[in-house]
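Novice: Pasting a structure here, questions to come.
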Amino acid sequence: MRALLLIMIFFALGSVAPISTQHNGDDANGIPAVFELGADDDALSELAPNYTGNLMSVCGNSMDKAYKHWMFLLIDMEDYSRKINFDLNGVKIWLNVYWNKNGKIDLISFYPKANSKNIPNAELKAFLLSFARQYQMEDLNSSIHFVHYGSASFPNHAELMIPD
């Protein structure tokens, strides 16, 4: 039942109209590669037209495939945090992740949830930027830039939520 609820939430969040952009993970055009939602709304709206797809559409409208890719991203994020000794446990955030055609992350915007562990935004931004620079989505090629809006809580236990 819990897995079904998570899949329904994933579908609802992932099917929101996509934001588009063509950004290369740096401060080009005055927009940082990682920023808190609400901080750069004007700049982000200028980039929006370039991200014409969402994770679900890039996955052939397969909810299972899109859900697996999102869960793998969260698993990889948590693994990376352990590797660099950055404690994510207790962090609960909304994430908007913007990918280029090759599955590399261009931008990440985030917003801490009210019940999240308090981590200074500068530290969270630095972690997300470091993660984004090294992350490559596997087994997914696209002809368009795409986005996904979702939620993340750590520890995520995502391995338990991925359908076989």
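Novice: Output the residues belonging to the stretch 87-101 that are touching a residue at least 40 places away in the same chain (Cβ under 8 Å) and surrounded by fewer than 17 Cβ atoms within 10 Å (Cβ to Cβ). Break it down stepwise before answering.
Specialist: Of the residues in the stretch 87-101, the ones touching a residue at least 40 places away in the same chain (Cβ under 8 Å) are 88-101.
Selection gives Asn89, Gly90, Lys92, Trp94, Lys101.
Novice: Ok, one more. Sort through Ser109, Ser81 and tell me the only one that's part of a helix (DSSP H, G or I), of a type in the set (S, T, N, Q) and either modelled with pLDDT under 95 or surrounded by 17 or more Cβ atoms within 10 Å (Cβ to Cβ) (or both).
Specialist: Going through Ser109, Ser81 in turn, the sole match is Ser81.
Here's the yes/no breakdown for (1) free of Cβ contacts under 8 Å to residues at least 40 places away in the same chain; (2) not basic (Lys, Arg):
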{"residue": "Ser109", "(1), (2)": "no, yes"}
{"residue": "Leu124", "(1), (2)": "yes, yes"}
{"residue": "Leu129", "(1), (2)": "no, yes"}
{"residue": "Arg133", "(1), (2)": "no, no"}
{"residue": "Ile144", "(1), (2)": "no, yes"}
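Novice: Follow-up. Of the residues in the stretch 105-153, how many are out of contact with any strand residue (DSSP E or B) (no Cβ under 9 Å at 6 or more places or on another chain) and among the aliphatic types (A, V, I, L, M)?
Specialist: Of the residues in the stretch 105-153, 1 are out of contact with any strand residue (DSSP E or B) (no Cβ under 9 Å at 6 or more places or on another chain) and among the aliphatic types (A, V, I, L, M).
Novice: Continuing with this model, one more query. Give the residue that is modelled with the lowest pLDDT, with candidates limited to residues of the stretch 122-164 that are farther than 13 Å from Phe110 by Cα and polar (S, T, N, Q).
Specialist: By that ranking, first place goes to Asn141.
Novice: Thr21 fails exactly one of the following numbered conditions: (1) modelled with pLDDT of 90 or more; (2) under 25 Å from Asn141 (Cβ atoms). What is the number of that condition?
Specialist: Failing condition for Thr21: (1).
Novice: Given the structure, is Ser151 among the hydroxyl-bearing types (Ser, Thr, Tyr), farther than 24 Å from Ala39 by Cα and surrounded by fewer than 19 Cβ atoms within 10 Å (Cβ to Cβ)?
Specialist: The answer is no for Ser151.
Here is a yes/no grid of residues against (1) outside any strand (DSSP E or B); (2) under 11 Å from Gly103 (Cα atoms); (3) among the charged types (D, E, K, R):
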{"position": "Asn118", "(1), (2), (3)": "yes, no, no"}
{"position": "Glu123", "(1), (2), (3)": "yes, no, yes"}
{"position": "Phe131", "(1), (2), (3)": "yes, no, no"}
{"position": "Asp139", "(1), (2), (3)": "yes, yes, yes"}
{"position": "Ser142", "(1), (2), (3)": "yes, yes, no"}
{"position": "Ser151", "(1), (2), (3)": "no, no, no"}
{"position": "Pro155", "(1), (2), (3)": "yes, no, no"}
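The values are calculated or read from the model by the stated rules, or taken from the named source; none is laboratory data. Predicted model only: the values in this text are computed from it and were never measured. Glycine gets a Cβ as well: all are built from the backbone with ideal geometry, and neighbour counts include every protein chain shown.
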